[in-house]
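What follows is calculated from the coordinates using simple rules that are stated; it is not laboratory data. Small disclaimer: the values here were computed from a predicted structure and weren't measured. Cβ: placed from backbone, ideal geometry, glycine included. Neighbour counts: every protein chain shown.
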Amino acid sequence: MKKDDNAFGVEEAADSPGFLLWQVTSLWQREIRKALEKYDLTHSQFVLLASTMWLMQQGEPVTQILLSAHSKIDPMTTSTVLRTLQTKGLLERKEHTTDTRAKTVALTTTGEKLARQAIKTVEQFDTDFFQALGSKLGDFNKKLRLLLQQ
């Protein structure tokens, strides 16, 4: 078998964008887990807490479906994670005032305080993790957004 004649269509594993993305994502997830340990939060819990806070600041009622769409976490997982956050006393879920099928979500005072602290930690982690990209970070983010639109 010739070097360029393989089932993957790339010469080296390091040339596979999917494999590279998987490796970087695995490294990033492992390190972000460590950064969030001191808050007793999983990454999904953090994303939903931070998303709830951001959406609350927009002035609209925050629903589980809105959170799911915003975070790109499937609705069933969103519901499960929100239930855990509610048990931890970090947010409240209530019946929607006009849509009986929907639940609204709001951070408690404790949840907002924890979210603010965790956001600072995650932002600093991201700054440190992605610093190797330097001035190319904006272009990198733009290309990631392109992939999200598929």
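Please arrange Glu92, Glu12 by how many other C-beta atoms lie within 10 Å of their C-beta, fewest to most. Intermediate results must be reported in sequence, preceding the final value.
Numbers: Glu92 15, Glu12 10.
In order of increasing Cβ crowding within 10 Å: Glu12, Glu92.
In which sequence would Glu60, Glu112 go, from the one with the fewest C-beta neighbours within 10 Å to the one with the most?
Working: Glu60 10, Glu112 17.
If I rank by nearby Cβ atoms, fewest first, I get Glu60, Glu112.
In the chain, if the dipole is taken from +1 on Lys/Arg beta carbons and -1 on Asp/Glu beta carbons about the Cα centre, which of Leu148, Leu114, Phe130 is farthest to the positive end?
It is Leu114.
Out of these labelled values of Cα extents along the principal axes in Å, (1) 63, 38, 16; (2) 65, 32, 26; (3) 70, 41, 29, which was calculated from the coordinates shown here?
Structure-derived value, by its label: (2).
So if I take the centroid of the Cα atoms in region 135-150 and the same for region 66-101, what is the distance between those two points in Å?
Value for the Cα centre distance between the two parts: 28 Å.
Under a point-charge model restricted to the Cβ atoms of Lys and Arg (+1) and Asp and Glu (-1), what is the dipole moment magnitude of the chain relative to its Cα centre, in debye to the nearest 20?
Working: 20 positive and 18 negative charges, 90 e Å.
Here the chain has a charge dipole of around 440 debye.
Can you sort Val62, Val24, Val47 so the residue with the fewest Cβ neighbours within 10 Å comes first?
Working: Val62 23, Val24 11, Val47 19.
In increasing order of surrounding Cβ atoms, one gets Val24, Val47, Val62.
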